[in-house]
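Asker: Take a look at the following structure, please.
Where a number appears in this text, it was derived from the coordinates with a stated rule and is not lab data. Worth saying up front: this structure is predicted, and the values here are computed from it rather than measured. Cβ sites come from the backbone with ideal geometry, for glycine too, and all protein chains shown count toward neighbours.
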Ligand code: WT7
């Protein structure tokens, strides 16, 4: 067990929304959360209404909903403006016959149009499919194809990565740009928006109807479409209240891109369900720009990731002094283990505890967290959300006592739990193989005080800068390169990024290893799949370790890399 466990940083804000943790757990009831919503009586819902229109109806239409800035734009939108714009986009979609249950994807950099599109898609009852802007041809095609998407919102710059001739179901592309040539199936986004009325009927759906489809990686096979329903809003709302601790007048900044689940659940839904002002900053990471964003917008609640905090720590204390960060009240982190060192640095330099939170694409919302009113143990993910039962169980479903490492599991169900893996029932069932439990794929232990401590993953999923990468998808791309005979991909520990992608490659006859070839292969993945999936390190090997059935043994590659014993080799080829 960790020696760090003894270190405790006392509670930051006893008067936060959650109040006393033990009392909140004892008194918790999801029905009390449901009663916050108008649909408690009718059962007919729409998350976009609850996130935007409801605030307008309550007389808060003039409040700022979105503060957007990037290198070329700096714009503010009120809830009333967002309501009108999302109504317009809903009308644009309706005029093309897009309706309940259709999958409509958004593939563009962070921009007001992206947020308006997501809300408009939800308003007509369609299912949003977010795609990260760095995705290249293959990644885009796989996701659109698997989901059977009928429409896509994208930009002129990204359009060349959409292979429309290979996607027969994709009927419409709404194109955001200045000089759009009308063409078959290509629709000028701005022009249509201008003509569309600002009033729209909301499509009232059932709580269990589809909301969003997030593709995420596993260790085998293509990315999985994780399907969430409108009912998830209960947990988006509640965690926004007690974990983000959002209050009237808060200015919230989640640094994640909506291409990933953090950027939708907490970059869109949780803050707006709670009526907060949502800050969105486009463009890339830079310490100065980030501190400037906090200063300029007077950010009060800030949600980011360990890799960003480590980079900010690397940029040093002096740069922090150049900005006024006194608006900050609450700081949180998600995506990978948050180093105790970073928590200590945050206390010293920002004067704030950084609150780690644990959850996954599949869980839809936060499940294990540190709360402002609770003592914090640096290095621990915290305690289960009220209403959530988490445990460490062995492979037979036996609950293990404190201190024992095992599978991190959650009692089923909870409001934001995924409802399907698109087109892949067997994958879905794997998570629920032990009756009554969701098996996360993470290992952890719980200490005597009920705090959970992350240990690792049981599968080969790579976590690089908080982005989840499936080794199989990278390997599949690598072997498309003419020089590559076979490839095995692992996560290699890295002080800043958590892990980096390392590829072991055996070359085809006639190719000789060289630095130039390494660079070319890395570029091939970057241009075909995405930048974050490209290997930062490549090592050529004569032969790769394989099982007799031909499966590359990533476990052995990892052992080579880390100079560890390779473990059981009874299934190896030779
Ligand atoms: C995996 C999920 C939804 C959050 C963003 C990532 C790792 C997530 C933590 C944490 C240690 C963490 C886990 C998890 N992870 N949060 N606080 N401490 N590890 O979502 O892409 O679905 O990845 O990220 O391994 O299973 P994701």
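Asker: Given the Cα-Cα distance of residue 315 and residue 137 and 0.36 nm per residue of separation, how much length would full extension add, in nm?
Answerer: Value of the extension gain: 60.6 nm.
Asker: Kindly give Rg over Rh for segment 27-152, based on alpha-carbon atoms, with the Kirkwood expression for the hydrodynamic radius.
Answerer: In segment 27-152, Rg relative to Rh is 1.02.
Asker: I want to check the label-to-label distance for residue 247 and residue 30. Put each point 7 Å from Cα in the C-beta direction and report it in nm to one decimal.
Answerer: Using points 7 Å along Cα→Cβ, the separation is 2.9 nm.
Asker: Continuing with this model, one more query. Modelling each spin label as a point 7 Å along the Cα-to-Cβ direction, I'd like the residue 8/residue 443 distance in nm, to one decimal.
Answerer: Inter-label distance under the simple model: 2.9 nm.
Asker: Suppose we keep just the alpha-carbon trace of segment 84-180; what are its Rg and Dmax in angstrom?
Answerer: Answer for segment 84-180, Rg first and Dmax second: 12.2, 35 Å.
Asker: In the P(r) worked out for segment 282-438, what percent of Cα pairs fall beyond 28 Å?
Answerer: Across segment 282-438, Cα pairs with separations above 28 Å total 34 percent.
Asker: Taking every pair of alpha-carbon atoms in segment 211-314, what share in percent sits in each 10 Å bin, from 0 to the bin with the longest distance?
Answerer: Per 10 Å bin, starting at zero, the Cα-Cα P(r) for segment 211-314 comes out as 14, 41, 32, 12, 1 percent.
Asker: Would you mind calculating the relative contact order of the chain from Cα pairs under 8 angstrom and at least 6 residues apart, reporting the percent as a whole number?
Answerer: Value for the chain: 14 percent.
Asker: Pairwise over distinct Cα atoms, reciprocal of the mean inverse distance: report the Kirkwood radius of segment 50-103 in Å, one decimal place.
Answerer: Working: mean 1/r = 0.0794 Å⁻¹.
By the Kirkwood definition, the hydrodynamic radius is 12.6 Å.
Asker: Let me ask you something else. Just how far, in whole angstrom, is segment 393-423 from segment 341-372 if you go by their alpha carbon centroids?
Answerer: Segment 341-372 and segment 393-423 have Cα centres separated by 21 Å.
Asker: For segment 1-51, max minus min Cα coordinate along each principal axis, in Å, sorted largest first?
Answerer: Principal-axis extents of the Cα atoms in segment 1-51, largest first: 51, 23, 22 Å.
Asker: Same structure, new question: At 0.36 nm per residue, minus the direct Cα-Cα distance, what do residue 190 and residue 423 gain on full extension? Give it in nm, one decimal, please. Intermediate values should be presented prior to the final figure.
Answerer: Working: separation 233, 0.36 × 233 = 83.88 nm, distance 3.40 nm.
The residue 190-residue 423 span can extend by a further 80.5 nm.
Asker: So, how do all the Cα-to-Cα distances of segment 20-77 break down into 5 Å bins, in percent, from 0 on up?
Answerer: In whole percents, the pair-distance histogram is 4, 13, 16, 15, 13, 14, 13, 7, 4, 1.
Asker: At a Förster distance of 51 Å, what's the computed FRET efficiency of residue 41 paired with residue 506, Cβ-Cβ distance as r, to 0.05?
Answerer: The formula returns an efficiency of 0.20 here.
Asker: Tell me the volume per residue, in Å³, of the convex hull enclosing the alpha carbons of segment 270-325.
Answerer: 86 Å³
Asker: OK, next. Where the centroid of each part is defined by its Cα atoms, how far is segment 197-244 from segment 46-116 in Å?
Answerer: If we compute the Cα centre of each part, the gap is 16 Å.
Asker: Same structure again: Along each principal axis of its Cα atoms, how long is the chain end to end? Whole angstroms, biggest number first, please.
Answerer: 71, 62, 53
Asker: With viscosity set to 0.692 mPa s at 37 °C, what whole-number translational diffusion coefficient in µm²/s follows for segment 387-455 from Stokes-Einstein and a Kirkwood radius over Cα pairs?
Answerer: 261 µm²/s
Asker: Take segment 239-370, drop everything but the C-alpha atoms, weight them equally and run the Debye formula without solvent; then report log10 I(q)/I(0) at 0.14, 0.16, 0.18, 0.20 Å⁻¹ to two decimals.
Answerer: Summing over Cα pairs of segment 239-370 leads to -0.56, -0.75, -0.98, -1.24.
Asker: How big is segment 185-249 in terms of Cα radius of gyration and Dmax, in angstroms?
Answerer: In Å, with Rg to one decimal and Dmax whole: 17.9, 46.
Asker: Expressed as a fraction of 2.2 N^0.38 Å, the rule-of-thumb size for a compact globular protein of N residues, what is the C-alpha radius of gyration of segment 349-424?
Answerer: Normalised by 2.2 N^0.38 Å, the Cα Rg of segment 349-424 equals 1.28.
Asker: On to the next question. When DSSP assigns beta bridges and you keep just the ones with both residues in the chain, what percent turn out antiparallel, to the nearest 5? Let's see the in-between values first.
Answerer: Working: 53 of 93 bridges.
Expressed as a percentage, antiparallel bridges in the chain total about 55.
Asker: Additional query: How big, on average over all directions, is the shadow cast by the Cα convex hull of segment 441-574, in nm²?
Answerer: Seen from a random direction, the Cα hull of segment 441-574 projects 9.8 nm² on average.
Asker: Could you check the simple spin-label distance between residue 296 and residue 537, using points 7 Å along Cα→Cβ, in nm with one decimal?
Answerer: Label-label distance for residue 296 and residue 537, simple model: 3.8 nm.
Asker: How compact and how long is segment 427-475, expressed as Rg and Dmax of its alpha-carbon atoms in Å?
Answerer: 13.6, 42
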